[in-house]
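Accompanying notes for the structure given below.
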């Protein structure tokens, strides 16, 4: 049996040969992939924006509304205003961090008989682009002249 010719490998998880795409422990036959491409997955920002608003509202309540209520907590007294203020600041900062680290992701999207799958996902567009190009090359090279004639006459 002739070994498969390696068209692309990243040296770790992704290998593309002239017959299959192998990602970690999953293997997809090229003749089973009906469509492929680069998918851009936009991050969901709404939860972080809502938390940002809640944090800002709580901080403003703590600053400008006098609740005149004091609680005894862990051996000391704390006002309700400071609870609102610091809770609001904490939520505000956490949502800013969430917005900063929630990045656009890119995926190698393939369609198979089993359905659509994101075979590889990364924040690096160039990396995903290399895989998509190699996959296109592998699929082009796996089409034999006989099957090309068959496609042209159909």
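Side notes on the structure shown:
- Between the Cα long axis of helix 46-64 and the first principal axis of the chain there is an angle of about 10°, rounded to the nearest 10.
- What the Cα atoms of the chain give is an Rg and a Dmax of 26.8, 86 Å.
- The label point for residue 42 and the one for residue 64, both projected 7 Å from the Cα toward the Cβ, are 3.2 nm apart.
- Here the gap between residue 2 and residue 80, fully extended at 0.36 nm per residue and compared with their Cα-Cα distance, gives a gain of 20.6 nm.
- Over segment 15-66, the fraction of Cα-Cα pairs per 5 Å bin, rounded to whole percents and listed from the shortest bin up, is 4, 14, 11, 12, 8, 6, 6, 7, 7, 7, 6, 6, 4, 1, 0.
- Rough spin-label spacing in nm, given labels placed 7 Å along Cα→Cβ, for residue 54 and residue 118: 2.5
- Sites residue 29 and residue 99, calculated FRET efficiency, Cβ-Cβ separation with R0 25 Å, nearest 0.05: 0.05
- Taken over the alpha carbons of segment 46-101 as equal point scatterers, the Debye sum produces base-10 log I(q)/I(0) values at 0.13, 0.27 Å⁻¹ of -0.36, -0.92.
None of the figures in this text is laboratory data; all of them are computed from the coordinates on show. This one's a predicted model, so the numbers in the text were calculated from it and none came from an experiment. Every residue, glycine as well, gets a Cβ built from its backbone with ideal geometry; the counts of neighbours run over all protein chains shown.
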